[in-house]
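The values are calculated or read from the model by the stated rules, or taken from the named source; none is laboratory data. Note that the coordinates shown come from a computational prediction; the quantities given were computed from them, not determined experimentally. Cβ coordinates were reconstructed from backbone atoms using ideal geometry, including for glycine residues, and neighbour counts include every protein chain displayed.
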Amino acid sequence: AIFDGRLVAGSALPGSRALAEGLALSRNTVTAAYEQLVAEGYVVSDRQGTRVAALAQRPAGPSAARHPAPAVPEVPAMAARLALIQPRAPRTGATPLALSPGMPALSQFPLAAWRRALDHAVLGGGPAALGYGDPLGEMALRTAIARHLAVARGVRCAAEQVVITEGAQEALVLCVRLLSNPGDVAWVEDPGYRGAKSALQAGDLRTVPLRVDAQGLVANESDWTLRTPRLVYTSPSHQYPGGAVMSVARRLALIEQARRHGAWIIEDDYDSEFRHAGEPIGAMQGLVDGAPVLYVGTFSKTMFPSLRLGFVVLPAAVLDAVRVPLAEMLRGGQRHAQLAMAHFMDSGQFSRHLGRMRRLYRERQQALRAALARHLAVPHQTEGGHCGMHLLVRLPADCPDHAIAAAARSHGMAPSPLSGFAMQPQPQDNGLVLGYGNTPVELFEPLVQRLSLLARAART
């Protein structure tokens with residue numbers, strides 16, 4: 001009645017006793033209702049009684065037709081930029097679909113050992129660990145990460161340079177916010193990781209896609225001259241989704257050019273822990289002293305995705321300058337998970353788990369490659385597989401990857417279309433990214449047989 005104007009401002013309301021008698025209600029009920037109306041500002045009450053308050057702007061009622069509808073607000077610029085990225089297929093159900101890229105072998109994770117690490121963190125941390133922690137992360141975990149990276153990845157850093165984030169995505173967003181301004185140019189691999197494009201575009205950067213070949217990101221002299229970047233995103237040890245490894249010569253050239261032009265390199269060390277042939281490829285960050293490289297990592301693939309723990313290793317040259325801003329931008333949360341992760345690493349459980357997963361993924365990669373060779377009855381080229389948890393299958397133009405991927409979802413499979421990773425798709429960007437991390441070996445042959453039928457049916 002107050003909203004639609006039937007009770008105008010200043011109208012006197014009956015006393016609580018009279019209204020209670022008229023409605024056959026308890027006076028306490030009416031009094032409580034009046035007190036709530038007063039608290040929310042609909043009525044005012046004083047010695048003279050209770051009256052309807054004057055509302056600054058009454059919402060539209062039946063008379064709305066006499067007034068023009070308000071203009072639809074413009075879509076915010078950031079939302080418009082992010083809408084340009086092709087939407088990913090929705091994640092449905094609690095169980096990951098077969099052939100999902102980026103999904104580790106969840107059933108093989110040592111839950112008992114992780115539970116012991118959590119118990120150790122809760123008991124050791126005590127009530128104090130329920131409060132806010134260091135905004136840059138628990139020092140125990142930062143120390144464990146720095147120690148592991150030095151041995152396994154050749155990263156040169158002190159524990160103070162490690163900043164704990166909520167997964168790799170927050171680490172990328174943090175790099176953008178710390179080291180760029182709106183309108184700056186940022187390079188990104190094309191086809192490449194969708195999350196990197198989202199982070200750069202959300203930062204209002206001019207995102208420039210650069211092609212990738214068998215040696216990784218291709219940056220020519222003209223690119224440095226005409227499209228000088230502030231940020232360069234690359235995954236040199238295992239490019240996603242193509243699987244290329246950037247050569248040492250190209251890494252050194254990229255570092256030198258970045259130094260010369262005042263650019264920062266964001267090195268995403270994607271899936272580098274799972275190398276199936278030869279020794280692990282060292283990180284670009286450790287190649288040269290003082291390299292302008294921010295090293296980004298995550299435990300989503302080496303542990304499990306819902307852990308949501310990632311990190312970024314900041315160059316020593318910028319650490320002092322960003323320490324105060326970081327303390328304002330971040331809050332020290334997930335303390336028990338961080339402490340448990342530190343114990344998991346210090347106790348040797350993390351290294352043992354990585355060793356088991358390397359053997360498992362090597363076996364699954366070989367089985368999927370063999371199933372593709374035997375049963376995929378359309379022209380194709382299989383690439384990658386030397387590292388990580390996925391293979392790339394390139395297809396001819398008459399086998400539209402989006403159509404095949406959409407049809408596969410109705411059969412319990414979730415391959416990703418290669419064209420969806422490209423900002424400027426080229427004819428060769430047609431194919432399927434097939435994950436083997438969370439799919440048992442015995443399922444590959446029937447899955448590929450079904451995928452072959454779907455590919456043949458989708459041919460135009």
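Go through segment 1-33 and give me each residue that's in contact with a strand residue (DSSP E or B) (Cβ under 9 Å, 6 or more places away or on another chain) and either within 11 Å of residue 51 (Cβ to Cβ) or of a type in the set (Val, Ile, Thr) (or both). Once the filter is applied, which keeps residues that are in contact with a strand residue (DSSP E or B) (Cβ under 9 Å, 6 or more places away or on another chain) and either within 11 Å of residue 51 (Cβ to Cβ) or of a type in the set (Val, Ile, Thr) (or both), segment 1-33 yields 2, 7, 8, 9, 10, 11, 12, 13.
If you go through segment 216-229 and keep only what is among the aliphatic types (A, V, I, L, M) and in a helix (DSSP H, G or I), you end up with just 226.
Within segment 400-412, identify whether any single residue is among the acidic types (Asp, Glu), assigned to a loop (DSSP other than H, G, I, E, B) and either surrounded by fewer than 21 Cβ atoms within 10 Å (Cβ to Cβ) or in contact with a Gly (Cβ under 9 Å, 6 or more places away or on another chain) (or both), and answer yes or no. No, segment 400-412 has no match at all. Scanning segment 262-279 for residues being small (Gly, Ala, Ser) and surrounded by 20 or more Cβ atoms within 10 Å (Cβ to Cβ) gives a total of 2. Note on segment 424-452: residues that are buried (at least 19 other Cβ atoms within 10 Å of the Cβ) and assigned to a loop (DSSP other than H, G, I, E, B) total 6. The set of residues in segment 215-249 that are in contact (Cβ under 8 Å) with a residue 12 or more places away in the chain and among the hydroxyl-bearing types (Ser, Thr, Tyr) comprises 228, 233, 234, 235, 237, 240, 247. For segment 119-138, the count of residues that are part of a helix (DSSP H, G or I), aliphatic (A, V, I, L, M) and touching a Ser or Thr at 6+ places or on another chain (Cβ under 6 Å) is zero.
Scanning segment 195-238 for residues that are under 27 Å from residue 388 (Cα atoms) and among the basic types (Lys, Arg) gives 197, 211.
Just one of 334, 338 is in contact with a strand residue (DSSP E or B) (Cβ under 7 Å, 6 or more places away or on another chain) and within 30 Å of residue 131 (Cβ to Cβ); which is it? Quick ask: steps written out before the conclusion?
Details: 334 fails: in contact with a strand residue (DSSP E or B) (Cβ under 7 Å, 6 or more places away or on another chain).
Testing whether each residue is in contact with a strand residue (DSSP E or B) (Cβ under 7 Å, 6 or more places away or on another chain) and within 30 Å of residue 131 (Cβ to Cβ) leaves just 338.
In the condition set (1) in contact with a helix residue (DSSP H, G or I) (Cβ under 6 Å, 6 or more places away or on another chain); (2) at pLDDT 95 or above; (3) under 24 Å from residue 242 (Cβ atoms), residue 385 is compliant with all but (2).
Conditions (1) out of contact with any Cys (no Cβ under 9 Å at 6 or more places or on another chain); (2) at pLDDT 85 or above; (3) farther than 30 Å from residue 364 by Cβ, marked per residue:
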position: 38; (1), (2), (3): yes, yes, yes
position: 42; (1), (2), (3): yes, yes, yes
position: 54; (1), (2), (3): yes, yes, yes
position: 70; (1), (2), (3): yes, no, yes
position: 81; (1), (2), (3): yes, no, yes
position: 116; (1), (2), (3): yes, yes, no
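Candidates 269, 289: the one that is in contact with a Gly (Cβ under 6 Å, 6 or more places away or on another chain), modelled with pLDDT under 95 and within 16 Å of residue 154 (Cα to Cα) is 269.
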